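For reference, the structure is listed below as structure tokens.
The values are calculated or read from the model by the stated rules, or taken from the named source; none is laboratory data. Predicted model only: the values in this text are computed from it and were never measured. FYI the Cβ positions are ideal-geometry reconstructions off the backbone, even for glycines, and counts take in every protein chain you see. With ligands, DNA and RNA removed, areas are computed over all heavy atoms of the protein, side chains included. Shrake-Rupley method; radii C 1.70, N 1.55, O 1.52, S 1.80 Å.
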Amino acid sequence: MAALVAFAAPAAQADALRIGVLDYQGSEHSIAHWQATGAALNAALPGHRFELVALDIHALDAALDANSLDFVITNPGNYAELEYRHHVSRIATAEGDMPVASTLVTTEPLESYDDLSGRRLAVVAPEAFGGFQVLWRELYDHDTRLPGRIEPLVTGYPMQAAAQAVLDGKADAAVLRACLLEELQAADPGHWAGLHAFATRDLPEVPCAVSSRVYPGWPFAKTRHTDAALSKQVAIALLAMEEGNLWTVPLDYQPVHDLLRALRIGPYARTGPVSLSEFVEDYRDWLIALGIALMFWALYSVRIESLVRRRTAALDAANAGLVREIAERERLEEEERLHRRELEHVARLSILGEMASSIAHELNQPLSAIANYAQGCSMRLKFGTFTPEDMDRASTEIAAQAERAATVIRRIRAFVKKRESLRDPVDLDDMLRETAVLYEATVHRAGVRTELLLAGDLPVVFADRVQLQQVVLNLVQNAVDAMAETPAEDKRLLIRSARQADALKGPGVCISVRDRGTGLSPAAMARFAEAFHTTKPEGIGLGLALSRSIVEAHGGWLRAETPADGHGLRVSLWLPAQEER
């Protein structure tokens, strides 16, 4: 029995004619919607058996590729594509069916196409006619830039999935086939009641809300291998239907082709090189704008060229004057530099003059020692008690004292010598030790006890050694003068070196000179190191001003402050630690 059934079934179906129906809302709905057409054909042509097969767009295309369909019922847009790809031909057009148009639905207060800008729009598929292409053409006609500002969300079939995406919050709006919203709300008002149509048109002949123009109805088409005589009988049967699905003669589908041509899809999709005329047509507005821009650019270039020529002549004249001004400024700067060098030299001589007696005393000691050693050697020679060992010891002492005097003289000559500023790597601790020789006699004569606290691990600074010595000597001399009236037991001078970082200038080295003298009043502190301001009766107010200019020229600063215990004054000299340039 199983074998007989297996062979009998193909024999019974040998004359079956398959009608492919585009499925957009579920296969059950599609079959039920066109069931009247299938029944009418079976009744009108009893020698044949017609079967309705619900297929989505891709499955419909694949079935035609396999030649497994005899007739097709689909939307106008898909028909134009199948007509081009598979040479199907329509023999009737649906009449009195739901209008072929699109409806925009949402749960938000949207009113027009423009409200879709920047929002997500749920669509069934880019190939869907009523579920995408019809509405997309309206958006292009409204504003060619609007589709580019909308984010499509493809949900796939069935079409109610796009509406569900809006309810689920995945999209802000959705595109549905005309009258589908009303069908969904009639079938399940509790679920779909939150949706409403927007951007609708006033079309009295359409029984539901639509957001686009209306296109010809769905066609009934035969495939290219279907017999022409059979197709004629089918067409007669369709036109004779008076109940259920109603059919009329094939309508004009030019509006459909206009839509596909405007969107450049289907038969009008470009697959080869773009011709010049097509390029001009596509970018006509841009080309016009470019031409206008080029014209203005040409006019602007001519104007700019004339302005450039006039201003070039003016700049040449100004440049000649600027060259003269620069030359004059360089001359003045050179004179200022020479004047400053003279002032520094005079200041050093002034400091040396104040220390002259102390320096003379410093030189007198080694000279007196040399004279004493020479006289002793002469006397012992007269008495015959001068041994070779005595001569060697005396010669050594005389040479040592002579070198000591020569060292003092060399340092004094280097200090007072007029020369250009020379910056070299300087170890500030070594510089302070050398400078101590120059002020040692001065502080000793004034009865000032000096304490030198050196850090010992200071970074090297890049500076002019003699200029720094000049600043330190000036500070020491001022400190000694400030302690002239200080009791002898309190005359103490503290010179310290240490690492110190500046908040703005970075790491550096600080030298501080602390005395226990009269200090400075708030008014004098405010004018510290100001040119021609001095607290000394015989002073001219240039020493500290010159010292500050030297320090600032090295990238540092010179500041004064009253110590925490309130006695005397502390002057700090800060220099940046930097690599040799």
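Of note:
- Cβ-defined net charge surrounding Leu52, 12 Å radius [Lys, Arg +1; Asp, Glu -1]: -2
- Tensor-based shape of segment 31-151 (alpha-carbon gyration tensor, a/c under 1.5 rounded, otherwise prolate or oblate): prolate
- Local electrostatic count at Asp390 - Lys and Arg +1, Asp and Glu -1, tallied over other residues with Cβ under 12 Å: -1
- Amide proton proximity set for Val509, modelled H, under 5 Å, gap of 5+: Gln500, Leu575, Ala577
- Restricting segment 155-258 to GluC sites (Glu not before Pro) that sit in a DSSP loop and have at most 11 other Cβ atoms within 10 Å of their own Cβ leaves Glu205, Glu242, Glu243.
- Built amide H within the under 5 Å cut-off of Val154, gap 5+: Val123
- Radius 10 Å from Cβ of Ala199, net charge of other residues (Lys, Arg +1; Asp, Glu -1): -3
- In sequence order, calculated HN-Hα J values of segment 137-145 (Karplus, 6.51, -1.76, 1.60; Hz; x Gly/Pro): 5, 4, 5, 5, 5, 6, 7, 4, 8
- When Glu83, Glu403 are compared by accessible surface with a 1.4 Å probe, the order from highest to lowest is Glu403, Glu83.
- Under the shape rule built on the C-alpha gyration tensor, where the axes satisfy a ≥ b ≥ c, segment 423-581 is prolate, since a/c reaches at least 1.5 and a/b is greater than b/c.
- The mean of 1/r over all distinct Cα pairs in segment 140-220, once inverted, gives the Kirkwood hydrodynamic radius of 14.4 Å.
- Calculated FRET value between Ser521 and Arg559, using beta carbons and R₀ = 22 Å, to 0.05: 0.85
- Solvent-accessible area of the chain (1.4 angstrom probe, protein heavy atoms only): carbon and sulfur portion equals 57 percent.
- Long-range HN-HN contacts of Ser89 with modeled amide H, under 5 Å: Lys222
- Charge dipole of segment 136-252 (Cα centre as origin; +1 on each Lys and Arg Cβ, -1 on each Asp and Glu Cβ, all else neutral): 460 debye, rounded to the nearest 20.
- Separation in nanometres of the label points that stand 7 Å from Cα toward Cβ, at Arg85 and Ala32: 2.9 nm
- Residue ranking by accessible heavy-atom surface, 1.4 Å probe, largest first, among Ile550, Ile265, Ile326 comes out as Ile326, Ile265, Ile550.
- Restricting the calculation to Cα atoms, the chain shows an Rg/Rh of 1.53 when the hydrodynamic-style radius is the Kirkwood one.
- Label-point separation in nm, Arg224 to Glu451, each point 7 Å along Cα→Cβ: 11.3 nm
- The mean sequence distance of close C-alpha pairs (under 8 Å, at least 6 residues apart), as a share of the length of the chain, puts its relative contact order at 10 percent.
- The length gained by stretching the chain between Arg311 and Ala400 to full extension, at 0.36 nm per residue less their Cα-Cα distance, is 24.5 nm.
- Rounded Å value of the spacing that divides the Cα centres of segment 465-484 and segment 546-572: 11 Å
- Cysteines not pairable in the chain (beta carbon separation under 4.7 Å absent): Cys377, Cys510
- Förster-model FRET efficiency, 51 Å R0, Glu485 and Glu389, C-beta, rounded to 0.05: 0.45
- Mean separation of Cα contacts under 8 Å (6+ apart) over length of segment 135-227, as relative contact order %: 19 percent
- Three-way shape label, segment 100-145, alpha-carbon gyration tensor, a/c 1.5: oblate
- Between the Cα long axis of helix 76-86 and the first principal axis of the chain there is an angle of about 90°, rounded to the nearest 10.
- Globularity ratio of segment 24-90, using Cα Rg and 2.2 N^0.38 Å: 1.15
- The chain: angle of helix 254-263 to the longest principal axis, Cα-based, in degrees nearest 10: 20 degrees
- Among 516-529, 168-181, 86-99, the order from most to least packed when residues are scored by Cβ within 10 Å on average: 168-181, 86-99, 516-529
- With each label modelled as a point 7 angstrom along the Cα→C-beta vector, the Ile304-Arg49 pair spans 8.2 nm.
- Residue ranking by accessible heavy-atom surface, 1.4 Å probe, largest first, among Ser211, Ser112 comes out as Ser112, Ser211.
- The long axis of helix 543-553 is offset from the longest Cα principal axis of the chain by roughly 30 degrees.
- Computed with the Debye formula from one identical point scatterer per Cα of segment 59-127, without solvent, the log10 of I(q)/I(0) at q = 0.11, 0.15, 0.23 Å⁻¹ comes to -0.45, -0.70, -1.06.
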